[in-house]
Every structure is written in structure tokens, then in C-alpha cells.
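The values are calculated or read from the model by the stated rules, or taken from the named source; none is laboratory data. Predicted model only: the values in this text are computed from it and were never measured. Heads up, the Cβs are rebuilt from the backbone with ideal geometry, glycines too, and the neighbour counts pull from every protein chain shown. What goes into the accessible areas is simple: the full protein's heavy atoms, side chains included, and nothing from ligands, DNA or RNA. Shrake-Rupley method; radii C 1.70, N 1.55, O 1.52, S 1.80 Å.
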Amino acid sequence: MLMTPGPTPIPENVNQRMAEGMIGHRSSDFTDLMNSIKPKIKDVFGTKDDVVILSSSGTSSLEAAMVNLAAPDEDIVVIVSGAFGARFRAIAETFPYNVHTYEVEWGDAVDPGHFKEFLSKLDNIKVVVSQACETSTAVLHPITEIGQIVKDYDKDTLFIVDGVSSVGGTKFNLTESNIDCLISGSQKALMLPPGLAFVAMNQTAKQKVQSNDIPRFYLDLNQYFDSLDKDTTPFTPAVSLIQGLDAVLDSIAEEGLENVFERHMKMRDMLRAGLEALDLELLVKDDFASPTVTAFKSSSDELSHIKDELKNNFGITIAGGQKHLKGKILRIGHMGYMFPADIIVVLSAMEGILSKYRQQNYYGKAITKAQEVFFNDL
């Protein structure tokens, strides 16, 4: 069982679709494939505009958003609340921008009032960047509130949201949340192998892309939008992954988007209730807990023991902490092709591991709490 916050398990029907055989990326077969995908992927991203597909890792979508939407010497704000906010800042600092950092304690969410005060003291900010879910801490930021603050500051300021670990597991509406650009990757809630990145933009953002003269080539989104109009891509795409994407989108539609989001919320609540029953401290408060990944704290020795025992004796892979949280937290991914039964399995294993390690009886405690959450929600 792969329960990291990315990559995530691949549904069998998606594997089968990717194994059907190669098609020419300049053939009518491929244009038919892209024509099938274009309307379906819009629903998942919560937009009425086209979504660009890049054949590269999720980090490329971060850089693509930055290099297309910020012009040289412009002032931008990057919210940093974890390792991936820090990565976005590092990308921004690579280019000729004036970068301002809004620091958030790792494990905390953005305080809208405090962020509004911070932003009001800055002049001529052209772009604000935030994560939706900060994968390294399992925080879900109040994106709609942040988006409103950005537009109240200046309606022309662009709001970029990193949705790599949330698109497909969290509901988005670009218009309602004032998001100008939403980015993601294939290997998390979208149930694909690594190798695709996605950029959704509204018309305001696309106009900025067209007028921005900062040098770029492979990540010049003008080329991708022009190609999308012809149901193709400007460069050689990861054809088999795009075939798999078509199957993923059909599966999501079959389950129903709202049902997908509810399933992720239920898994989150089940897991959090079970972990607390094991006397494990959650890193993130309930109000800002991500539907796609959960982090918990303990001593470094106990965390190492849990992680190793899950892997070696139960075949369950989870993730550790990053940067200064390494050795202080563990993270369990619950996104994409994952279901409440998987939460029961990992909690059952942890009951046994901790009962033996602590010499204290935890059998049935976590599962009971998780079942109460599941059946009370039915």
C-alpha cells in the first residue's frame, strides 16, 4: 500500500489504458484524445477555461506560472508555510523579480487578517502566490479568503495557487475564489504516475501571458494555449500518461465530483480520529486539515519505528517530515485511488505496532473511532 502524499496508487483501469499501445502525437487519434480530455478536466479544476497539460513534473507548473505571469522587475508576494512554499520562493528568486515573503509557522494556516495587514504595507504587488495544501505540513490554507484579500488590494493583482496535492481531492472554483492561475501535477489526487503538470488560467491571466516579454521557451504557455485550440501540444507529449488521464477523468465523472470530494473528507476525518485514539498529536488543527494528507507528531524514535514497521511488516509506505520537520512528524497520504477501507487497514496496523512498542493496549481503539466517523456520516 502506497500511502505517501505522492506518488499515489494507480487504478487498474488507468494502467490498462496506458498500456493499450502508443499512438502518434500528430495523428487524428491524439487530437481526438485531447478533444475528449479538454472539457472533462475543466470540471476537476473548477474552471470554464482551458487547462494546459505539460509533459514534466509538477515543479514545472510552478515555474511556468511564475515565468509567464510575472514580468521583469515586478513585485510579487510568496506565501511560505512549508517546503513547497519555499520551493516556489526559490523559483521566483531565480528570475528578475522583487520577491516579498509572507512567512507562516509550519503547521499553521494563513491568518487572513494578518495577511491583509502585511499586504497593505506593500506597494504595487503584481502577483501573490499561495499553496492550497502545503504538502509538507498537511495544512489547507483559506484560499477563498486569501483570494478576496488579493483582489481587495488591487483587482489587477494576479493570484496563483499551487494545487499540486489538492486538485482532484479538494473542490475548487476559480471564479468564486478569485484564482487567476491554478496549477497541479499528475502523481497525487489525479491518480497517475509522475510526468504531467497542469496549468489552469482565466482570461485575465492569459492576457498577461501574451503581453509578458520575459524570455522562456519550453514553458512559454502561449504555445500551449495556441496548440490547445487545435487539440494538440506544441512539443512531444507524454502520450501514454495523457491516455491514462482520459481514463482518470472518466472515473472521476462516474463517481461524481462531489462524491470524490466527500470521500477525501471522510478519509481525513477517519484518520484524524484514529490517530488521536492512539495518543498521537496531530500537527494541524481541525479547521485547516487537508483532505489529502495528514501529519502527526511523536518522538523521533517512535516515528522511525512506526514508519519502519509499517513498511517491513505490513507493506505500507508512508512519508516522513521535510526540512526542519524531519524526524518530528510522519505524513500519511489519503488521496486519489484510496478509500475508507484503506484508512482502516493502516490504523489497524498502527494499533498493533504501538501496542507492542509502548506496552499498552491500543487494539480496536483507532478502528472504533474511525468506524464511528464513517458510519455517523452515512
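Computed over the range 208-256, the range of Cα coordinates on each principal axis works out to 43, 23, 17 Å, biggest value leading. Computed from backbone phi with θ = phi - 60° and the Karplus coefficients 6.51, -1.76 and 1.60, the 3J(HN,Hα) list for the range 331-348 is 10, 10, x, 9, 9, x, 7, 8, 9, x, 4, 5, 5, 4, 5, 5, 5, 4 Hz; x is used for glycine and proline. Among the protein heavy atoms, those of Arg87 account for about 100 Å² of accessible surface (1.4 Å probe, every chain in place). Dipole check for the range 217-274: with +1 at the C-beta of Lys and Arg, -1 at the C-beta of Asp and Glu, and the Cα centre as origin, the magnitude is about 400 Debye. For the range 245-330, the alpha carbon positions stretch 44, 30, 26 Å along the principal axes, listed from largest to smallest.
Please report, as a whole percent, how much of the solvent-accessible surface of the range 221-335 comes from carbon and sulfur atoms (probe radius 1.4 Å). C and S atoms contribute 44 percent here.
The range 27-77 and the range 81-108 have Cα centres lying 21 Å from one another. Within the shell of other residues whose beta carbon sits under 11 angstrom from the beta carbon of Asp250, the net charge comes to -1, with Lys and Arg scored +1 and Asp and Glu -1. Summarising the label geometry, the points placed 7 Å from Cα in the beta-carbon direction at Lys121 and Asp156 lie 2.6 nm from one another. Around the amide H of Ser177, modelled in the peptide plane, lies no amide H under 5 Å away from a residue 5 or more places distant or on another chain.
How big is the antiparallel share of DSSP beta bridges in the chain, given as a percent to the nearest 5?
50
Largest accessible area first, the listed residues Ser136, Ser240 line up as Ser240, Ser136 when surface is computed with a 1.4 Å probe on the assembled protein chains. Scalar couplings 3J(HN,Hα) for the range 198-205, obtained by applying the Karplus form with A = 6.51, B = -1.76, C = 1.60 to θ = phi - 60°, are 10, 9, 9, 9, 8, 5, 4, 5 Hz; x denotes Gly and Pro.
Distance between the pseudo-spin-label points of Thr204 and Gln359 (7 Å out from Cα toward the beta carbon): 6.3 nm. For the range 33-177, the alpha carbon positions stretch 48, 31, 29 Å along the principal axes, listed from largest to smallest.
Mind listing P(r) for the range 262-378? All alpha-carbon pairs, 10 Å bins, whole percents. For the range 262-378, the binned pair fractions read 14, 50, 32, 4 percent.
Measuring against 22 Å, Cα to Cα, the residue pairs Lys42/Lys266; Lys38/Lys206; Lys326/Lys365 contain Lys42/Lys266; Lys326/Lys365 as the ones spanning a longer distance. The separation of the range 187-210 from the range 314-378, counted between C-alpha centres, amounts to 32 Å.
In the context of the full set of protein chains, residues of the chain present 41 Å² of accessible surface per residue (probe radius 1.4 Å, heavy atoms only). For Lys323, the lysines whose Cα comes closer than 25 Å to its Cα, not counting residues fewer than 8 places off in the same chain, are Lys188, Lys285, Lys297, Lys307, Lys311. Solvent-accessible area of Lys155, all protein chains in place: 150 Å² (probe radius 1.4 Å, heavy atoms, ligands and nucleic acids excluded). Net charge dipole, the chain: roughly 720 debye, given to the nearest 20, about the Cα centre with Cβ charges of +1 for Lys and Arg and -1 for Asp and Glu.
Using Cα pairs closer than 8 Å and at least 6 residues apart in sequence, work out the relative contact order for the range 290-377, in percent.
Values: 94 pairs, mean separation 23.0, N = 88.
Over the range 290-377, the number comes to 26 percent.
The Cα atoms of the range 320-378 define a convex hull whose projected area, averaged across directions, is 5.3 nm². Per-residue ellipticity at 222 nm, computed for the chain from helices alone with -39500 (n - 2.57) per DSSP H run of at least four residues, works out to -14500 deg cm²/dmol. Phe172 sits with roughly 20 Å² accessible to a 1.4 Å probe, with DNA, RNA and ligands left out of the calculation.
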